[in-house]
Structures are given as structure tokens and as C-alpha cells.
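Below: one structure, written as C-alpha cells.
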Amino acid sequence: METILFLAHTEADGTLPKAAFEALAVAKMLARGIDGASLVAGLCGSSVQPATDEIAPSGVQRVLGVHGAEFGHSRYATDAAAGEALAHAAGASLIVAPGTSRWARALPGVAHRIGGRIDTHVTGVSIADRAPVVTRWYYRQRMEATIRRSQRPWIILVDPGSFQPWIGAEGTGTVELVEVAVPDSVKRTAVKGVEAPAAGEQTIRPDAELLFVAGAGWTKTQADGQTHVPDAERLILDFLHLSEASLGGSKSLVDLSGEGTAILRFMTHLNQVGQTGSTPRHLKGLATCCHGEEPHVVGWRFINERRAINLDPNCGWARGKADVLYVADAFAVMARVNALLSSASPTP
């Protein structure tokens, strides 16, 4: 009989991130589909009562919690200790957790401590012969694998954006607190503060419908023989503000920062899409000044509709990599798009 543990960490205000509700939906599906399975929630954070109330109507049979100031920030030692304690307290055989950066760093160590196994970047979960089956990608999203395991405990780390989140009205829940010793030896890493972009400068929006990707062509010599990087920055930022799109960058563009070349100042490796960058999940994607090489397109595998703007009609996007290719100057196109968006925006 399986005991399924939904494992999540809370935000600074004690609530759960969207990715946690996606993992909860997966855990509930497994609990319904496996005969005799029970569903337990394990929460970790500086405060866990708000999260307990959020998931109270979800049908979890118990809510276990590790809380305290020591668990409010991401730190491997305390996160791993909390995950291990919650797994043991629940008697978990299956552990489902959101694939956040925090859990991706800590839970492989937890799997080792509890004598289990872990699969990360899971994008699909189903049940066959009354047992869970997971799907994930390998080799930078080029190969898809279907995995079954007899080893228990088994930790399943689900990629955010791969599942529909559980939605329910907030209730009032009771949490069973689990004590975890936090000696000074595990507190060597200290969080001194958080650096965040100024208001209005946020460029990474995982929940945005549109992903706008800039390529190195924005920084290259244009038709008049000059570069126009400041103009490119203004056009891109104006579009992001008007459309509330998320910003991505090709590897060739973000790598320019190490080559002494003029770059888009707001572009970092956190924006990188494809190759060793992220695999985004948005309804639509618009690539500009990108040549559409295969590794870059692999990073777009989960984009539903892909469009591109490029002056070269023979670029990689034109060879079956984009649903629509606009053979045009991205500077001119985006200036016109921004003008149309500005005229359509309601007056504040």
C-alpha cells in the first residue's frame, strides 16, 4: 500500500507557490488511482499554517509541518533535514514535490538519506497496472523516457508548468508539527538579503502567455552600417511593458557579455532559452533576430505556437522550425507593434 507524500515549501508569507499546487494535483491523481493509497502533505517554511489552510479542502488526510525562521530561506542543510524528517514522519513510499530550484537542490540528497530514488524534471505522470509511471526528457529535451520503479521511497520532482494546478476554496486545517534539530553546524550558510529588480523591470514572467526571445542580431551592424543597441533596448523593454510578455535570450546573445561586445543590459543568463538554458512553457513564442538553430528550437519544445522575425528567408526558423516566419526588419516590426499596442492601451 502506497503512502503518498505531497512535499512543498512555502513562500515568505507562508502560502504555497503555483508550482506546489501543480504537484498537489499530481499527488491527488496518484492517490485516487492507486488502490489503498493514502495522501499526506508535508510543508516546510518559516510559517506553514497559511499553506495548511490553502490545501485543507484538497482531501489530504494529514498535514505535517516543519516551521521556523531557520526554514524560511533556501539552504541545502536545513531543507534536506526538513525533507528527511517529513518523509520519515509520513512513512512515505511515494513523494511528489514541485521542481523548484529549492527542492531540486535538496531532494536528491534526501533520496540518498532515506535509501530511495529520485526522478527530476518529470513532465508527465500516469498510472499503469495500479503503479505510477513518469515521463521525463533527457539530453536537453531530445529524448523522452517513460520510467517505472519498484524501489521505494521514490521521489518525483515535477517540472513547473507541466500540470494543471489544483484549485479549491481556502479552508481551515490542522498541522502536525515535526521537530527538526538545527545545530549551528548546519547554519553555516546565511542569507544576507535578496536582490530584486526595480519595479517595472521584471523580465522573467513564467505565467505570461507570450515568450519574447531576442537573438544576437539585435546587437549587430544594421542596414546603415551602425549598431543600434540603445534603440534595441528601448524597443524590447517597451514591448515587454506593453504586452506583459516574458523575456528570453538565445545562447549566442547572453554569451556576448563575456566577449566585450555591446549587449542588452537587462539580458542575463537567467533569460537563456535552449541549449543549456531553460525549457519554457508559454502559449505563444516570438523569436526576433534569432537564427533558429536546432538546439534553440529544442528549448521551445513546449511552446504551443512559434513565430519568428528574421531578415534572412533561409534562416533556421524558415526550415520548418516556426509556425509563422516574418521576413522583415525586427527593429521596424517591433516599433510598429509597440505603436499599435500603445494606441490600444487604455488611458490611465
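Residue pairs whose Cβ atoms lie under 9 Å apart, separated by 6 or more positions or on different chains, with the first residue in region 107-121 and more than 15 Å from A80 (Cα to Cα) and the second among the aliphatic types (A, V, I, L, M) and assigned to a helix (DSSP H, G or I), are T120/A104; T120/L107; H121/A104.
Scanning region 283-295 for residues that are under 18 Å from the mean Cα position of the chain (by Cα) and surrounded by 24 or more Cβ atoms within 10 Å (Cβ to Cβ) returns a single hit, G285.
Screening R152, R188, R205 for residues that are in contact (Cβ under 8 Å) with a residue 40 or more places away in the chain, touching a Gly at 6+ places or on another chain (Cβ under 8 Å), among the basic types (K, R) and surrounded by fewer than 19 Cβ atoms within 10 Å (Cβ to Cβ) leaves exactly one candidate, R152.
Listed by position, the helices (runs of 4 or more DSSP H) enclosed by region 228-327 that each have at least 2 residues that are under 22 Å from Y139 (Cβ atoms) and in contact (Cβ under 8 Å) with a residue 24 or more places away in the chain are 251-254, 294-298.
Reported count of residues in region 298-320, each being surrounded by fewer than 21 Cβ atoms within 10 Å (Cβ to Cβ), among the aliphatic types (A, V, I, L, M), closer than 14 Å to V333 by Cβ and under 27 Å from the mean Cα position of the chain (by Cα), is 0.
In this structure, does V180 turn out to be part of a loop (DSSP other than H, G, I, E, B) and exposed (fewer than 14 other Cβ atoms within 10 Å of the Cβ)? No; evaluated as a whole, the condition is false for this residue. Do the conditions hold for P160, that is, is it touching a residue at least 12 places away in the same chain (Cβ under 8 Å), outside the structural domain of Q275 (by TED's automatic domain parsing) and closer than 21 Å to Q61 by Cα? No: the conditions fail for P160.
Of all residues in region 24-54, which are among the hydrophobic types (A, V, I, L, M, F, W, C) and closer than 23 Å to V180 by Cα?
Taking region 24-54 and keeping what is among the hydrophobic types (A, V, I, L, M, F, W, C), we get 24-27, 29-31, 34, 37, 39-41, 43-44, 48, 51.
L39, V40, A41, L43, C44, V48, A51, listed by residue number.
Given the structure, is L30 farther than 28 Å from G193 by Cα and at pLDDT 95 or above?
On the way: farther than 28 Å from G193 by Cα: yes; at pLDDT 95 or above: yes.
Spelling it out, L30 is indeed farther than 28 Å from G193 by Cα and at pLDDT 95 or above.
Residues in region 127-143 that are within 25 Å of G83 (Cβ to Cβ) and of a type in the set (S, T, Y): T135, Y138.
Conditions tested, residue by residue: (1) surrounded by fewer than 19 Cβ atoms within 10 Å (Cβ to Cβ); (2) within 10 Å of T10 (Cβ to Cβ).
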position	(1), (2)
L39	no, no
G42	no, no
V48	no, yes
T52	no, yes
A56	no, no
G59	yes, no
F71	no, yes
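Please note which strands (runs of 3 or more DSSP E) are completely contained in region 26-145 and include at least 2 residues that are under 19 Å from L5 (Cβ atoms), more than 21 Å from the chain's Cα centre (by Cα) and among the β-branched types (V, I, T). Before the answer, list the steps.
Numbers: elements: 38-45, 62-67, 94-98, 117-128, 131-138.
Counting at least 2 such residues, we get 62-67.
Only one entry of D35, D13 meets the criterion of being surrounded by fewer than 24 Cβ atoms within 10 Å (Cβ to Cβ) and over 30 Å from K187 (Cβ atoms), and that entry is D35.
Would you check if there is a residue in region 136-154 being of a type in the set (A, V, I, L, M) and at pLDDT 90 or above? There is at least one residue in region 136-154 that is of a type in the set (A, V, I, L, M) and at pLDDT 90 or above. Just one residue in the set A131, A97, A81, A69 is over 29 Å from T279 (Cβ atoms), touching a residue at least 40 places away in the same chain (Cβ under 8 Å) and not hydroxyl-bearing (S, T, Y); that residue is A81.
The values are calculated or read from the model by the stated rules, or taken from the named source; none is laboratory data. Everything quoted here is computed from the prediction, not taken from an experiment. Positions of Cβ are backbone-derived with ideal geometry, glycine not excepted, and every protein chain shown enters the neighbour counts.
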